[in-house]
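S.K.: My questions all concern the structure below.
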Amino acid sequence: MALGVTEIGNLLDSARSGNRRSLARLLTAIESGQDPGSQLRAGWTLGVTGPPGVGKSTLIGRMIEHWTSKGESVAVLAVDPTSPMTGGAILADRLRMGSTDSTDSVFVRSLATRNHPGGLMPCLGKMTRALSACGWSRVIIETVGSGQSEIRVVAFADRVLLIDGPDRGDIIQAEKAGILELADVIAINKADLPNAQTAADAVREAMGAGKPQSIKVHLVSAIEGAGVSELISDLDSCEPRSSRNTLRIRERLIASWDSTLLSHPEIESYLGKIGDGSITVDEAIRDIVYSLVEGGGEP
Amino acid sequence: MRIVIAKPGLDGHDRGAKVIARALRDGGHEVIYTGLRKRPDEIVRIVSDEDADALGLSTLSGAHDSLIPAICDGLREAGLNSIIVFAGGIIPERDRAILFQSGVRAVFGPGTLSASIFDFLATIAERQREGEPVGVGEGTGWHWE
């Protein structure tokens, strides 16, 4: 159900004064593509990603406990994939975040990726800024890091934590996918299990630890709590570096471009023409860009 | 639809809840699963924060007659009158009238086919189109048979 501009403005005002229900409805409106206006604010954001089952939600639960005990408020956008076959999704990240369901200083919202063209969830940037505007001092985006679209999800945060576990070696594989360049901090979780130390050493070695610009690799146990406070203090002191920031902005730009391209009204016709050889790929790109300029920039 | 599947109270059995969550996902819905042992106020908060359309409550502990009405009251107090509430698990026939009175629109017992749940949701959508009450705070009287 689309809301009018005034209604969205009222929702934002109400959400900023602390009404959770209004915030929930505002996020739904943003998710469905509505523009909440200019009252949003950029704040502290963290993207958390890593392979399935390494303990991302559990570790976020620990971080939430730490921050809320210091009087801060934490909002989490937990992103899970939509099934491309049925359009359905199971969103179950919040159940691993500990006692988050009864605290006023925690807000968890589960989001399905909804198969946006180009893997872009254009709502994410606006959602994080809406949460910051409503006074949530820590805003976290969580996503499974298993492909290009997930990389783009964390690119909407200003700092990125990459989590891996023992006996996986996924981080080293991730180097190929380009996640590693976006990470500001790496955590090897499940330090309570054998081989976690070995995994951390292997990642440090692969990362070329010891070099001045190297990324810190933390060995943590989300279940027992070991290493978590060191990880958090590293995240707190981590200032988004300009080189990585450029990479993140680049991901956001590519995602936005893919989305524009793939939602072009005549994309199917261009695909057909390229297929039967009547135009080349370069000509198609030129025509599409030209049509966007003609159309005032809106596809 | 965005549907919260919740396990209220002290009940450690969630195979049924997980099967339903999966069936609803395969039916094209976004399902938020709460995990075990949630208090009524926690469930109300999850439904509100997630801005869900419906709430499915799975209980096998025998406490349905106190927990489910408490959740329905909580939803109404929070102004979540349009939420569609349905229940499943081990709920004896004699207890169902109390649940329907408190705003539950369907009770599914063991052996329910997922097709019945989809029929229920389709009927709900039809009633919504015609402006007939379906939400927990929209007046009782109708429930799925």
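The values are calculated or read from the model by the stated rules, or taken from the named source; none is laboratory data. Fair warning: this is a prediction, and the values are worked out from it, not measured in the lab. Quick reminder, even Gly has a Cβ in these numbers, built from the backbone with ideal geometry, and neighbours come from all protein chains shown.
S.K.: Starting from segment A:1-29, take each residue that is small (Gly, Ala, Ser) and list its partners that are surrounded by fewer than 14 Cβ atoms within 10 Å (Cβ to Cβ) and at pLDDT below 90, counting only C-beta distances under 7 angstrom and pairs at least six apart or across chains.
M.R.: A:Gly9/A:Gly37
S.K.: For segment B:41-58, enumerate the residues that are closer than 17 Å to B:Ala106 by Cα, of a type in the set (A, V, I, L, M) and either in contact with a Ser or Thr (Cβ under 9 Å, 6 or more places away or on another chain) or within 10 Å of chain A (Cβ to nearest Cβ) (or both). Outline the logic, then answer.
M.R.: Going through segment B:41-58, the residues closer than 17 Å to B:Ala106 by Cα turn out to be B:53-58.
Still in the running and of a type in the set (A, V, I, L, M): B:54-55, B:57.
Once the filter is applied, which keeps residues that are closer than 17 Å to B:Ala106 by Cα, of a type in the set (A, V, I, L, M) and either in contact with a Ser or Thr (Cβ under 9 Å, 6 or more places away or on another chain) or within 10 Å of chain A (Cβ to nearest Cβ) (or both), segment B:41-58 yields nothing.
S.K.: Could you tell me how many of the residues in segment B:60-95 are touching a strand residue (DSSP E or B) at 6+ places or on another chain (Cβ under 8 Å) and under 11 Å from B:Ile43 (Cβ atoms)?
M.R.: 7
S.K.: Give me a count of the residues in segment B:19-40 that are over 17 Å from A:Thr86 (Cβ atoms) and facing chain A (nearest Cβ under 10 Å).
M.R.: Of the residues in that region, 5 qualify.
S.K.: Would you call A:Thr86 free of Cβ contacts under 8 Å to residues at least 24 places away in the same chain and either in the same structural domain as A:Gly135 (by TED's automatic domain parsing) or in a strand (DSSP E or B) (or both)?
M.R.: Working: free of Cβ contacts under 8 Å to residues at least 24 places away in the same chain: yes; either in the same structural domain as A:Gly135 (by TED's automatic domain parsing) or in a strand (DSSP E or B) (or both): yes.
Yes.
S.K.: Can you find a residue in segment A:10-24 that is in contact with a Phe, Trp or Tyr (Cβ under 8 Å, 6 or more places away or on another chain), assigned to a loop (DSSP other than H, G, I, E, B) and at pLDDT 85 or above?
M.R.: no
S.K.: Here is a follow-up. From the list B:Leu10, B:Leu67, pick out the single residue that is over 30 Å from A:Pro84 (Cβ atoms), part of a helix (DSSP H, G or I) and more than 9 Å from chain A (Cβ to nearest Cβ). Walk me through how you get there before you give the answer.
M.R.: Details: B:Leu10 fails: part of a helix (DSSP H, G or I).
When all the criteria are applied, what remains is B:Leu67.
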